[in-house]
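Undergrad: Have a look at this one before I ask anything.
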Amino acid sequence: MKKHMSLLLSLALVTTMFAGCAKQTNDNQATTTSAEATKKEIATKVISGDETIPNAAKNRSNAKDTVVVGMTEVKGEFLPVYYSTAYDGYVVKLLFDSLFENDESGNYTIPKLAESYELTNENKTYTFKLRKDAKWSDGKPFTAKDIENTFLIMADKSYDGRYVTVVDKLAGYEDYRDGKAKTFEGVKVIDEYTIAFNCKDANVTNFANVASFPIMPAHIYTYESGNTKKIRDLMNKNAIVGSGRYTLVNFKPKQYIELAANPNWFGGKVNVPKLIVKFTTPDNQFQELQAGNVDIQTAIPARAENEAQIKEIGFLSTNVYPGNSYGYLGFNLRDERLADVKVRQALTYGFNRQAIIDLYYNGNGTVCNVPISQVSWAFTNEINKYEYNPETANKMLDEAGWVMGSDGIREKNGKKLSFVWDASTTSKFTETMIPMLKADWQKIGVKVEPNLMEFNALVEKVFTKQDFDLYNMSWSLGTEPSSRELFHSSYDIPDGNNSVGLRDPELDKLMTDAELEFDQVKRTELMHNFARKINELLPYMFLAQADIWDVSNVRVKNFKVSPYCDWTYFIDDIELDQ
């Protein structure tokens with residue numbers, strides 16, 4: 001699965017990026033998301049700016065036909081099968097379409113490249129009827145062969161991207177991957193405009209996996225068994241052909257991405273012919289907005305000082321909504337010190353997480369204790385809150401055999417509770433957290449030293465090399481609350497999203513059982529049990545779930561965002577006021 005993103009703590013990886021829950025056409029399958037079931041209001045509140053204030057953006061040379069979106073720098077991975085950060089994922093969604101797309105409540109009710117689907121074979125086979133008017137940006141027709149080719153890439157043994165989870169639940173995956181079968185049983189082209197996906201089990205997440213993954217053209221990214229490297233090579237050359245609203249015109253690393261409306265998009269003419277994604281940082285984003293160089297700035301932390309700057313500029317509207325995301329500090333469980341759950345629990349008791357939310361977010365957030373957004377039907381508050389308690393932390397470390405040393409650092413068997421904390425140089429949240437964590441943990445005999453680096457280097461260190469003690473990032477979530485790819489034992493692999501190396505059979509079973517359960521009431525109970533178990537194991541010290549602020553220049557009309565729909569969803573609804 002992949003995931004959706006909305007940047008919370010300045011930096012995010014992709015997880016469950018286009019995954020969600022479908023509104024079913026088969027009565028036997030439950031819809032797993034509903035507005036009534038959410039724990040927190042998901043509607044976006046808009047605080048309008050002042051249109052009478054002089055506005056530099058209206059005087060830009062390209063103001064009539066161009067919207068400039070400010071966000072964190074991308075890696076330049078613009079193919080669906082290879083992107084690995086939230087920011088690249090935004091671009092992927094503009095360049096490529098999937099079979100279905102979720103609505104604002106998180107239900108997959110919006111047909112895209114598909115017109116409809118049927119669920120048969122005891123809820124194990126999804127058959128999609130495809131639209132016949134879709135074309136690729138180079139004018140070639142879209143067919144079922146394009147879908148087959150996309151999924152074969154991810155099923156190949158040589159595939160080194162992050163999305164094996166999209167195909168590993170399909171029938172015959174292992175045999176095809178290992179070369180025991182020449183055809184992939186899980187993906188069957190019926191005719192030019194009909195395709196079927198055969199799944200191993202009746203798993204409630206199957207629809208999201210197959211329906212929400214962006215499709216790539218087979219005539220450009222032609223799959224050859226054992227040689228997926230050539231697909232990555234094409235991406236690295238920026239050879240991008242898609243079916244989405246926009247096409248890639250220019251990519252300037254460290255600067256911007258230039259996109260133009262796709263004349264062959266089946267959805268028709270978009271209101272904004274040109275789109276520029278400009279790379280901004282927390283240090284310059286308000287300067288860019290004030291100067292009129294940026295029209296939309298995504299994911300501004302919900303902080304008092306940021307609110308003051310928005311008001312001072314005046315001509316900015318703010319979209320406020322609860323974040324479908326969370327921030328965390330990851331523990332490397334391969335380290336024998338952190339392999340002890342009592343140590344992880346003690347470290348969590350030993351940090352005042354509420355204090356950082358009060359200081360950084362000015363109270364516009366809540367302490368996080370589970371890897372599930374508060375807007376999700378799967379969320380529960382019936383868990384250990386790990387409220388700040390240094391006395392409890394010290395007691396637990398004493399019981400675990402960690403003795404206070406003469407230097408104030410606990411030690412055991414010749415090892416010290418002294419950790420290196422890898423973090424990004426561009427995270428203002430981390431800047432705030434550094435002195436607080438150091439001071440709080442010093443009180444319980446734990447030393448921590450930050451090691452700051454560029455974000456993409458951090459991704460490689462943590463997920464590829466798995467060479468770290470601690471690190472912090474945030475996950476931006478989709479509509480499907482399953483955390484299999486983050487915490488299941490099978491994804492404790494290089495470049496897998498289980499970066500911390502959690503392996504727990506009971507947790508694995510809970511995640512599997514929840515995915516196999518189609519009864520929504522029973523599935524909710526299983527997800528609550530999962531939440532309680534992960535809350536006990538604490539592979540992460542969960543930090544915060546905060547409100548999100550996406551701001552826009554008042555000249556940009558109809559700009560919308562919500563927990564389940566980021567800024568790319570409604571980009572073709574935008575109108576520009578001159």
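Undergrad: Could you tell me which of the residues Leu316, Leu338, Leu329 is out of contact with any Lys or Arg (no Cβ under 8 Å at 6 or more places or on another chain), open to solvent by less than 30 Å² (accessible area, probe 1.4 Å) and within 27 Å of Ile534 (Cα to Cα)?
TA: On the way: Leu316 fails: within 27 Å of Ile534 (Cα to Cα); Leu338 fails: out of contact with any Lys or Arg (no Cβ under 8 Å at 6 or more places or on another chain).
When all the criteria are applied, what remains is Leu329.
Undergrad: Here is a further query. Of the residues Glu312, Glu307, which is of a type outside the set (Val, Ile, Thr), within 19 Å of Asp358 (Cα to Cα) and not in a loop (DSSP other than H, G, I, E, B)? It would help to see each step written out before you state the result.
TA: Working: Glu312 fails: within 19 Å of Asp358 (Cα to Cα).
Only one candidate passes the filter, namely Glu307.
Undergrad: Return the pair list, or none, for Cβ contacts closer than 7 Å from residues in the range 441-467 that are under 21 Å from Tyr83 (Cβ atoms) to residues that are modelled with pLDDT of 95 or more and aromatic (Phe, Trp, Tyr), at least 6 apart or on different chains.
TA: Leu458/Tyr471; Lys461/Phe468; Val462/Phe468; Val462/Tyr471
Undergrad: Which ranges mark the strands (runs of 3 or more DSSP E) fully within the range 48-148 that have 1 or more residues being open to solvent by 50 Å² or more (accessible area, probe 1.4 Å), at pLDDT 95 or above and farther than 17 Å from Ile276 by Cβ?
TA: Values: elements: 66-71, 114-120, 125-130.
Passing ranges, in order: 114-120, 125-130.
Undergrad: Looking only at the range 121-145, count how many residues are among the polar types (S, T, N, Q) and free of Cβ contacts under 8 Å to residues at least 24 places away in the same chain.
TA: Of the range 121-145, the ones among the polar types (S, T, N, Q) are 121, 123, 125, 127, 137, 143.
Next, only the ones that are free of Cβ contacts under 8 Å to residues at least 24 places away in the same chain stay: none.
Going through the range 121-145 one residue at a time, the tally reaches 0.
Undergrad: May I pose another question? Can you tell me how many residues within the range 251-279 are touching a Leu at 6+ places or on another chain (Cβ under 9 Å), of a type outside the set (Gly, Ala, Ser) and either open to solvent by less than 60 Å² (accessible area, probe 1.4 Å) or free of Cβ contacts under 8 Å to residues at least 60 places away in the same chain (or both)?
TA: Here is the first cut: in the range 251-279, the ones touching a Leu at 6+ places or on another chain (Cβ under 9 Å) are 257-262, 266, 271-272, 274-277.
Keeping just the survivors that are of a type outside the set (Gly, Ala, Ser) gives 257-259, 262, 266, 271-272, 274-277.
Next cut, either open to solvent by less than 60 Å² (accessible area, probe 1.4 Å) or free of Cβ contacts under 8 Å to residues at least 60 places away in the same chain (or both) only: 257-259, 262, 266, 272, 275-277.
Residues meeting the conditions: 9.
Undergrad: Something else about it: For the structure I just gave you, tell me whether Thr348 is in a loop (DSSP other than H, G, I, E, B), within 19 Å of Phe542 (Cβ to Cβ), out of contact with any Pro (no Cβ under 8 Å at 6 or more places or on another chain) and of a type in the set (S, T, N, Q).
TA: no
Undergrad: Still on this structure, please answer the following. Filter the range 78-92 down to residues that are out of contact with any Leu (no Cβ under 9 Å at 6 or more places or on another chain) and among the aromatic types (Phe, Trp, Tyr) and give me whichever is farthest from Asn456 (Cα to Cα).
TA: Tyr90
Undergrad: What about Lys269, is it more than 18 Å from Ala63 (Cβ to Cβ) and of a type in the set (D, E, K, R)? Before the answer, list the steps.
TA: Details: more than 18 Å from Ala63 (Cβ to Cβ): yes; of a type in the set (D, E, K, R): yes.
So Lys269 fits the description; yes.
Undergrad: Within the bounds of the range 194-209, is there any residue that is more than 26 Å from Leu130 (Cα to Cα) and either surrounded by fewer than 22 Cβ atoms within 10 Å (Cβ to Cβ) or under 27 Å from the mean Cα position of the chain (by Cα) (or both)? Step through it out loud before you land on a result.
TA: Looking only at the range 194-209, we keep the residues that are more than 26 Å from Leu130 (Cα to Cα), and these are none.
No - not one qualifying residue is present in the range 194-209.
Undergrad: Those residues that are part of a loop (DSSP other than H, G, I, E, B), among the polar types (S, T, N, Q) and either in contact with a Ser or Thr (Cβ under 9 Å, 6 or more places away or on another chain) or surrounded by fewer than 21 Cβ atoms within 10 Å (Cβ to Cβ) (or both), I need them from the range 553-571; list them, please.
TA: So the first thing to find is which residues in the range 553-571 are part of a loop (DSSP other than H, G, I, E, B), and the list is 554-555, 558-561, 563-564, 566-570.
Restricting the remaining residues to those that are among the polar types (S, T, N, Q) gives 558, 568.
Residue satisfying the conditions is Asn558 alone.
Undergrad: If the Cβ limit is 9 Å and pairs must be 6+ apart or interchain, which residue in the range 362-383 that is without any contact (Cβ under 8 Å) to a residue 40 or more places away in the chain pairs with which residue that is open to solvent by less than 20 Å² (accessible area, probe 1.4 Å) and not in a loop (DSSP other than H, G, I, E, B)?
TA: Partner pairs satisfying both residue conditions: Gly363/Ile357.
Undergrad: Of all residues in the range 150-193, which are open to solvent by less than 10 Å² (accessible area, probe 1.4 Å), of a type in the set (Ser, Thr, Tyr) and in contact with a helix residue (DSSP H, G or I) (Cβ under 6 Å, 6 or more places away or on another chain)?
TA: Tyr163, Thr165
Undergrad: Please list, ordered by first then second residue, the pairs with beta carbon atoms under 6 Å, 6 or more apart or interchain, first in the range 146-167 and without any contact (Cβ under 8 Å) to a residue 60 or more places away in the chain, second open to solvent by 20 Å² or more (accessible area, probe 1.4 Å).
TA: Ala155/Tyr176; Ala155/Arg177
The values are calculated or read from the model by the stated rules, or taken from the named source; none is laboratory data. Small disclaimer: the values here were computed from a predicted structure and weren't measured. Because the Cβ atoms are built from the backbone with ideal geometry, glycine has one as well, and the counts that use them run over all protein chains shown. Side chains included, ligands, DNA and RNA excluded: accessible areas come from the protein's heavy atoms. Shrake-Rupley method; radii C 1.70, N 1.55, O 1.52, S 1.80 Å.
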